[in-house]
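Undergrad: This is the structure I want to talk about, given as structure tokens.
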Amino acid sequence: MASLDIDAVEAFVLTADLRSFTRAAEVLGTTQSVVSLKLRRLEERLGRRLLERTPRLVRLSPDGAAFLQPARDLLAAHERALACEAPQERRLVLGISDHVAGPDLPRLLARLGASDPALRIEIRSGFSRPLLEAFDKGELDAAIVRREADRRDGEALFTDDFGWFAAESLASNAPVEPLPLASLAPPCGVRGHALRLLDAGGIAWTEAFVGSGIAAVTAAVEAGLAVAPLARRIAPPGAVDIGPNWGLPAFPSSPVILHSRSSDSRTRTALRTLAAAFRARR
């Protein structure tokens, strides 16, 4: 009876989920060539081609799509077997900045959960500075936040480009004075930076909408109520960056940083999976 290499099956699932040999290698703490070799040997063992590779694209073959769920089931069974050998509760308390999370958060968390079904995940969302303070106090195992000016620690995940986004119905009009602004409430760092830019540019503004979460702010943008400073990655579909046409100041890019202190190897692997997923979505 043919047996399968668990490490190769894990490499296959990660590569299929992240659609990248490079991202899968990041999670596994190895190189792209090692991941490629594991997958080639797995395909040889199964006698089927699982992935279709091009210079710019990695996708599942029909056989790969059929094998993906059994592969997940095998990894889950393997985790359950290991848990029987050394039962222990593991928990990850993760803080994620509202402006970082965006609409892809459910998919990213699903990927994190699939990577380690035995891990209990607790999410706390909020503003970057309070989350970073909670991390420093030991209240969070990890935090994904925007870089604060006085910090240079942590792992850089990616850099977000920002713009001034409005619904097309508002963007098609002449510039409105004062500028109707939608933002999160204080002490949101993005809000504070946006107001400083507008004041320095001598641009009059009014607070047209204040939301308790980024979903509310993007809803106000979609409704045509106001203009919001948003990362392009999380701007709602159809929204337009009106900054250049309305003469608004350029909004500088913002690095997104992962802070982590976990000593558990499986939890560190889960965090690498989440980091790779963020980069892949980026």
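Undergrad: Residues of the stretch 99-133 with the amide nitrogen closer than 12 Å to a label point 7 Å from the Cα of Ala81, along Cα-to-Cβ, please.
TA: In the stretch 99-133, the label zone of Ala81 (backbone N under 12 Å from the point 7 Å along Cα→Cβ) covers no residue.
Undergrad: If I histogram all Cα-Cα distances within the stretch 35-114 using bins 10 Å wide from 0, what percent of pairs lands in each bin?
TA: 13, 31, 31, 23, 2
Undergrad: Further question on the same structure: For a quick size check, give me the Cα extents of the stretch 147-231 along its three principal axes, largest first, whole Å.
TA: 43, 28, 21 Å, listed from the longest principal axis down.
Undergrad: Oh, and also: Let me know the whole percent of all Cα-Cα pairs from the stretch 1-149 that are separated by more than 18 Å. Before the final figure, lay out each step's value.
TA: Working: 7124 of 11026 pairs.
The proportion of pairs with Cα distances above 18 Å equals 65 percent.
Undergrad: With unit charges on the beta carbons (Lys and Arg positive, Asp and Glu negative) and the dipole taken about the Cα centre of the chain, which residue among Ala156, Pro252, Asn173 sits farthest to the positive side?
TA: Of the options given, the answer is Ala156.
Undergrad: While we're here: Charges only on Cβ, +1 for Lys and Arg, -1 for Asp and Glu: so what's the dipole of the stretch 75-181 about the Cα centre, in debye to the nearest 20?
TA: On the way: 13 positive and 19 negative charges, 52 e Å.
The dipole of the stretch 75-181 has a size of about 260 debye.
Undergrad: Express the accessible area of the stretch 1-49 per residue in Å², computed with a 1.4 Å probe while the remaining protein chains stay in the model.
TA: Numbers: 2680 Å² over 49 residues.
I get 55 Å² per residue for the stretch 1-49.
Undergrad: What net charge is computed for the residues neighbouring Glu26, neighbours being all others with C-beta under 10 Å from the C-beta of Glu26, Lys and Arg scored +1, Asp and Glu -1? Write down the numbers at each step before the final one.
TA: Working: positive: Arg23, Arg272, Arg279; negative: none.
Result for the neighbourhood of Glu26: +3.
Undergrad: Compute the FRET efficiency between Asp73 and Thr22 as 1/(1 + (r/R0)^6), taking r as their Cβ-Cβ distance and R0 = 25 Å, and round to the nearest 0.05.
TA: Working: r = 26 Å, r/R0 = 1.05.
Computed FRET efficiency for Asp73 and Thr22: 0.45.
Undergrad: Over the stretch 1-105, what relative contact order in percent results from Cα pairs under 8 Å that are six or more residues apart?
TA: 23
Undergrad: Counting Lys and Arg as +1 and Asp and Glu as -1, what is the net charge of the other residues whose Cβ lies under 12 Å from the Cβ of Val35?
TA: Local net charge: +2.
Undergrad: Residue separation times 0.36 nm, minus the C-alpha to C-alpha distance between Ala215 and Arg152: what's the value?
TA: Values: separation 63, 0.36 × 63 = 22.68 nm, distance 2.91 nm.
Stretched fully, the Ala215-Arg152 segment lengthens by 19.8 nm.
Undergrad: If one puts a single equal scatterer on every Cα of the chain and applies the Debye formula without solvent, what log₁₀ I(q)/I(0) results at q = 0.11 Å⁻¹?
TA: -0.73
Undergrad: Shifting gears a bit: Give me the 1.4 Å probe accessible area per residue for the stretch 142-192, excluding ligands and nucleic acids, in Å². Intermediate results must be reported in sequence, preceding the final value.
TA: On the way: 2250 Å² over 51 residues.
With the other protein chains kept in place, the stretch 142-192 gives 44 Å² per residue.
Undergrad: Return the carbon/sulfur percentage of the accessible area of the stretch 11-70, one whole number, probe 1.4 Å, all protein chains in place.
TA: For the stretch 11-70, the apolar C and S fraction of the accessible surface comes to 50 percent.
Undergrad: Another question about this same structure. Report His78's accessible area, 1.4 Å probe, all protein chains in place, as a number in Å² to the nearest 10.
TA: 70
Undergrad: Okay, next question. In whole Hz, with x marking every Gly and Pro, tabulate ³J(HN,Hα) for the stretch 182-193 from phi via Karplus 6.51 cos²θ - 1.76 cosθ + 1.60, θ = phi - 60°.
TA: Running phi through 6.51 cos²θ - 1.76 cosθ + 1.60 with θ = phi - 60° gives 10, 7, 6, 6, x, x, 4, x, 5, 4, x, 5 Hz.
Undergrad: Please report the projected area of the stretch 180-282's Cα convex hull averaged over all directions, in nm². Don't jump to the answer; show the numbers that get you there.
TA: Working: hull surface 31.9 nm².
One quarter of the hull surface, i.e. the mean projection, equals 8.0 nm².
Undergrad: Which percent of the accessible heavy-atom area of the stretch 87-244 goes to carbon and sulfur, probe 1.4 angstrom?
TA: Details: 3800 of 7280 Å².
That fraction is 52 percent.
Undergrad: Please report, to two decimal places, log10 I(q)/I(0) for the stretch 1-47 at q = 0.27 Å⁻¹ as given by the Debye formula with identical point scatterers on the Cα atoms and no solvent.
TA: With no solvent term, the Cα-only Debye profile gives -0.93.
Undergrad: Restricting to Cα pairs below 8 Å that are 6+ residues apart, what does the relative contact order work out to for the chain? Please round to a whole percent.
TA: On the way: 457 pairs, mean separation 63.9, N = 282.
Once divided by the residue count of the chain, the mean separation gives 23 percent.
Undergrad: In deg cm²/dmol, rounded to 500, what helix-only [θ] at 222 nm does the chain give when every DSSP H run of at least 4 residues adds -39500 (n - 2.57) and the total is split over its residues? Walk me through the numbers on the way to the answer.
TA: Details: 12 runs with 130 residues, N = 282.
Theoretical 222 nm ellipticity from helices: -14000 deg cm²/dmol.
Undergrad: Further, regarding this structure: Please work out the Kirkwood hydrodynamic radius for the stretch 1-82, using every pair of different C-alpha atoms, and report it in angstroms with one decimal place.
TA: On the way: mean 1/r = 0.0786 Å⁻¹.
Evaluated over the stretch 1-82, this radius sits at 12.7 Å.
Undergrad: Would you work out the relative contact order for the stretch 94-135, in percent, from Cα pairs under 8 angstrom that are 6 or more residues apart? Write out the running numbers ahead of the final one.
TA: Values: 28 pairs, mean separation 27.2, N = 42.
Once divided by the residue count of the stretch 94-135, the mean separation gives 65 percent.
Undergrad: What is the stretch 142-184 by shape, rounded, prolate or oblate, if you read a ≥ b ≥ c off the alpha carbon gyration tensor as root eigenvalues and call it rounded for a/c under 1.5, prolate for a/b larger than b/c, and oblate otherwise?
TA: Working: a/c = 3.69, a/b = 2.81, b/c = 1.31.
Prolate shape, in that a/c is at least 1.5 and a/b is the bigger ratio.
Undergrad: Another question, then. Return the distance in nm (one decimal) between the two label points of a simple spin-label model at Asn173 and Ala204, each offset 7 Å from Cα along Cα→Cβ.
TA: Each label point lies 7 Å from its Cα, and together they span 1.5 nm.
Undergrad: Amide H to amide H under 5 Å from Leu51: which residues, 5+ apart in sequence or cross-chain, H placed 1.01 Å off N in plane?
TA: Excluding prolines and chain starts, which carry no amide H, the hits are Ser61.
Undergrad: Can you pull the accessible area of Arg268 for me, 1.4 Å probe, Å² to the nearest 10?
TA: Its heavy atoms expose roughly 100 Å² to the probe.
Undergrad: Determine the per residue accessible area of the stretch 193-254 with all protein chains present and a 1.4 angstrom probe, expressed in square angstrom.
TA: Details: 2900 Å² over 62 residues.
I get 47 Å² per residue for the stretch 193-254.
The values are calculated or read from the model by the stated rules, or taken from the named source; none is laboratory data. These numbers were taken from a predicted model, which means no experiment stands behind them. Cβ sites come from the backbone with ideal geometry, for glycine too, and all protein chains shown count toward neighbours. When the accessible area is computed, the model is the full protein with side chains, heavy atoms only, and any ligands, DNA or RNA have been set aside. Shrake-Rupley method; radii C 1.70, N 1.55, O 1.52, S 1.80 Å.
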